[in-house]
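The values are calculated or read from the model by the stated rules, or taken from the named source; none is laboratory data. Everything numeric in this text was worked out from a predicted model, so none of it was measured. Please note: Cβ atoms are built from the backbone with ideal geometry, for glycine as well, and neighbour counts cover all protein chains shown. When the accessible area is computed, the model is the full protein with side chains, heavy atoms only, and any ligands, DNA or RNA have been set aside. Shrake-Rupley method; radii C 1.70, N 1.55, O 1.52, S 1.80 Å.
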Amino acid sequence: MEKKQELYSGKAKSVFATDNDDFVVLSFRDDTSAFDGEKVEQLSRKGEINNKFNAFIMQYLADNGVPTHFESLINDTESVVKNMAMIPVECVVRNVATGSLVRRLGVEDGMELNPPVFEFFLKNDALHDPMVNEFHIETFGWAKAGDVSKMKDLTFKVNTLLKQLFADAGMVLVDYKLEFGLFNGEVYLGDEFSPDGCRLWDAQTRKKLDKDRFRQGLGGVIEAYEEVARRIGVPL
Ligand code: C5P
């Protein structure tokens, strides 16, 4: 498959057309951003680690019945994925309270959430990704009711699968964000799953092993991503 012109450049990834309209190339860059793009740095090797991490997780999810856009790794920093119409809504599941949940509701940081909490956010930097509910999504036409329900079911299925995967490697999957899209009218998991879009804590020490290290200036960001990858067996 031939890589063609750039279609879109996001904060950490770029999307390129290919000679087949059904597929695009997802290119993972070293750019690391936080706070709606206010803090941006280049972290050497992050693109490569996230590309390989994402490929491993997407393959694991596909093997376990989650439809994903992932097709294949093509080099260290790029993968081929289905060319989807993205749904502009982020699906977040939280197993432990932290981050914006604690800021919004004043609940105790680190509190276990049983059952887990599910939240939708509108993908809109200018509005700072406001929280929305199913009514907003349907009324404003961001997704159809049936697709909203599929996104929710798939996001919980991912929780069951990945909570266990990370627990087996001595980590707590605290929370994560997923994005979905439509391909031939069907809902598929899109975007990426990497330590950029989830929170992972060491189960014993509660050491943060995800992008909070960057957000909070804790250092050792790439070392933490590599450690997570190594523990779950991602070939780097
Ligand atoms: O900031 P907040 O606590 O709402 O984030 C919840 C989860 O969603 C975290 O794992 C965070 O990394 C992820 N997230 C993301 N992209 C966003 C917002 C949140 O990956 N734009």
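Please count how many residues of region 73-112 are in a strand (DSSP E or B), among the basic types (Lys, Arg) and farther than 30 Å from Lys4 by Cα. Here the count works out to 1.
When the residues of region 157-212 are filtered to those that are within 24 Å of Glu226 (Cβ to Cβ), within 14 Å of the ligand (Cβ to nearest atom) and of a type in the set (Gly, Ala, Ser), the one that is surrounded by the fewest Cβ atoms within 10 Å (Cβ to Cβ) is Gly197. For Leu26, the conditions (1) within 16 Å of the ligand (Cβ to nearest atom); (2) without any contact (Cβ under 8 Å) to a residue 24 or more places away in the chain are fulfilled apart from (2).
Of all residues in region 55-107, those satisfying the criterion of being away from the ligand (no atom under 16 Å from the Cβ) and either of a type in the set (Asp, Glu) or at pLDDT below 95 (or both) are Asp63, Glu71, Asp76, Glu78. Given the criteria within 26 Å of Asn133 (Cα to Cα) and surrounded by fewer than 13 Cβ atoms within 10 Å (Cβ to Cβ), does Asn114 qualify? Answer is yes for this residue. When every residue of region 160-170 is checked against the conditions, none turns out to be at positive phi, free of Cβ contacts under 8 Å to residues at least 24 places away in the same chain and out of contact with any Gly (no Cβ under 8 Å at 6 or more places or on another chain). In the set (1) under 27 Å from Ser14 (Cα atoms); (2) away from the ligand (no atom under 12 Å from the Cβ); (3) in contact with a helix residue (DSSP H, G or I) (Cβ under 6 Å, 6 or more places away or on another chain); (4) open to solvent by less than 60 Å² (accessible area, probe 1.4 Å), Leu236 fails one condition alone, (4).
Among the residues here, Asp129 qualifies as at pLDDT 95 or above, open to solvent by 20 Å² or more (accessible area, probe 1.4 Å), of a type outside the set (A, V, I, L, M, F, W, C) and under 27 Å from Leu26 (Cα atoms). Cβ separations smaller than 7 Å between residues 6+ apart or across chains give the following pairs from region 43-69 residues that are within 16 Å of Asp210 (Cα to Cα) to residues that are among the acidic types (Asp, Glu) and open to solvent by less than 30 Å² (accessible area, probe 1.4 Å): Asn50/Glu192; Asn50/Asp196; Asn51/Glu78; Asn54/Glu192. Among the residues making up region 181-236, those that are hydrophobic (A, V, I, L, M, F, W, C), closer than 26 Å to Ala97 by Cβ and part of a strand (DSSP E or B) are Leu189, Cys198, Leu200, Trp201.
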